[in-house]
Amino acid sequence: MRSAPALSAPQTRFIPVNRAVRRLAAMLSVAAMLGHWAANAQTPLPDPYNYDDAAPTPKRTEPLRWQTVELGKPGHRYKMPVYANRNLTRDDLRDIKQVIVVIHGVKRDADRYYETAAALLTHNPDRARDTLILAPRFSGSIDSGFGGMAAWRKSSWEDGEESVQAAGRPAPVASFQVLDDLLRSLDDRKRLPALAGIVLAGHSAGAQLVQRYAVLNNTDGPLRRDGLALRYVIANPSSYLYLTNERPRADGKGYAPYERGICPTYNQYKYGTDKLPPYARETDESKLFVRYAARDVTYLLGSADNNPEHRLLDKTCGAEAQGATRLARGTGYLQYEYVLASRGAKPVTLHRASFEVGAVGHDNRGMFGSVCGAQALLGPGAQAGDNAAACDIIAPRRK
């Protein structure tokens, strides 16, 4: 057996005293200089992280410019900032055939969402000539640079709530009403004679607004009667508006009323139809599902948006009653729609498309830039980028 080599004794190196003293003095001098520099220097902070994206977005050389649109009826006009790929005041819009309205997330970064949609046109130059992109910004009441415009407290706009009432601001207007007014402004055959369809798309908090608006609005029907097809694209919302008091069972076997002892308010708006907002005051709740089923809705769910501790995930009990993650809540809601549609003597037809976007988490660019995302926004046959995520159809589970 080979024995391990013996360890040699540590060697001691002797340094002359005067050299050691000089070395110690030099080290203390450098430490003093570093200490003085650290005490007076300020370490620069990184750019704010956009939690709607998978990674920080590179800083632009120039800020993207927004335009002002004036909406509302005479006597209650108000201004909203919007990013667009055309000058809405001067450009001739008679060649526009499709409008994409994309709603930002909780960070109110409408400029980034505009860029996501505009990037799709670079892969589809033939559609760039006749597609108008609009990205409105639901400004916060503390945001600078948007004086005189409608503004909301924190993220209240995502629930359809009214803007703040304050000096220098327009009269309060619900974010649902903003969408009504924006869509109606597009129903203008003098300015947009070739317009055939509108896509209203949202991701994250924007998807919460779009999903609830798709259920509650009364504008969809009149637009369709005027020949405008309206499609809703809902990507990775934190929660959904349920139309009955049922929620997914914990054992995964169907749906049942949730335990009110755990969450007494689980069926109140914005999670259910109890205490609907004033915008929906005249809505016939018994007909909500049939009307919503008839509307053209595309759901996009990121397969990697499955973190139950995500920073911006809604963790209130009303949201938790719908599932643990955005992916679970989304798949649960899609199946719930199929269950409702199959009930009764006459099944309801669902006008739906549902996709799971492979290996994409809570990232608006990955979702809308995927193969199915590009077609959801631009229509069948639209091309995505070279590294676009693939998609799988989400089919109803068999009983």
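Read the figures in this text as sums done on the coordinates, not as results from a lab. Since the model is a prediction, treat every value here as computed from it, not as a measurement. Ideal geometry is used to build each Cβ from the backbone, glycine not excepted, and the neighbour counts take in all protein chains shown.
Things worth noting here:
- Under-5 Å amide H pairs with Gly140, H placed in peptide plane, nonlocal only: Trp152
- Derived scalar couplings between HN and Hα for the range 129-140 equal 6, 10, 10, 9, 10, 10, 10, x, 10, 8, 5, x Hz in order, rounded to whole Hz, by the Karplus curve 6.51 cos²θ - 1.76 cosθ + 1.60 (θ = phi - 60°), x for Gly and Pro.
- Based on the reciprocal of the average 1/r between different C-alpha atoms, the Kirkwood radius for the range 205-350 equals 15.9 Å.
- Here's how it looks for Arg231: its modeled amide H is under 5 Å from those of Ile198, Val199, Leu200, which are all 5 or more places away or on a different chain.
- Per-residue Karplus couplings for the range 213-224, computed as 6.51 cos²θ - 1.76 cosθ + 1.60 with θ equal to phi - 60°, are listed in order as 5, 4, 6, 9, 6, 10, 8, 4, x, x, 5, 5 Hz, Gly and Pro entered as x.
- Simple label model, 7 Å out from Cα along Cβ direction - Glu309 to Lys346, nm: 5.2
- Its Kirkwood hydrodynamic radius, worked out from the mean inverse distance over all distinct Cα pairs, puts the range 278-399 at 16.1 Å.
- Relative packing of 134-146, 200-212, 345-357, 226-238, which averages over residues the other C-beta atoms within 10 Å, highest first: 200-212, 226-238, 134-146, 345-357
- Couplings 3J(HN,Hα) for the range 364-378, derived from phi with the Karplus relation 6.51 cos²θ - 1.76 cosθ + 1.60 (θ = phi - 60°), are 5, 5, x, 6, 6, x, 6, 4, 6, x, 4, 6, 5, 7, 9 Hz, where x marks Gly and Pro.
- For the range 67-393, DSSP calls about 35 percent of its internal beta bridges antiparallel.
- Rg/Rh for the range 67-393 stands at 0.95; both radii use Cα atoms, and Rh follows the Kirkwood definition.
- Count of Lys pairs (Cα-Cα under 21 Å; at least 8 positions apart or interchain) in the range 67-393: 14
- Euclidean distance of C-alpha centroids, the range 320-361 and the range 244-264, integer Å: 15
- Estimated distance in nm for a label pair at Lys190 and Lys287, the labels positioned 7 Å out from Cα along Cα-to-Cβ: 3.3
- Pairwise FRET efficiency - Ala256 versus Thr316, Cβ, R0 = 22 Å, nearest 0.05: 0.65
- Stokes-Einstein D in µm²/s, Kirkwood radius over Cα pairs - the range 320-376 at 25 °C with 0.890 mPa s viscosity: 186
- Other residues whose C-beta falls under 15 angstrom from the C-beta of Glu246 contribute a net charge of +1, scoring Lys and Arg +1 and Asp and Glu -1.
- Only Lys, Arg, Asp and Glu carry charge here, each on its Cβ (+1 for the first two, -1 for the last two); on that basis the range 67-393 has a dipole of about 580 debye about its Cα centre.
- Taking Cα centre as origin and charging only the Cβ of basic (Lys, Arg, +1) and acidic (Asp, Glu, -1) residues, the dipole magnitude of the range 78-219 rounds to 180 debye.
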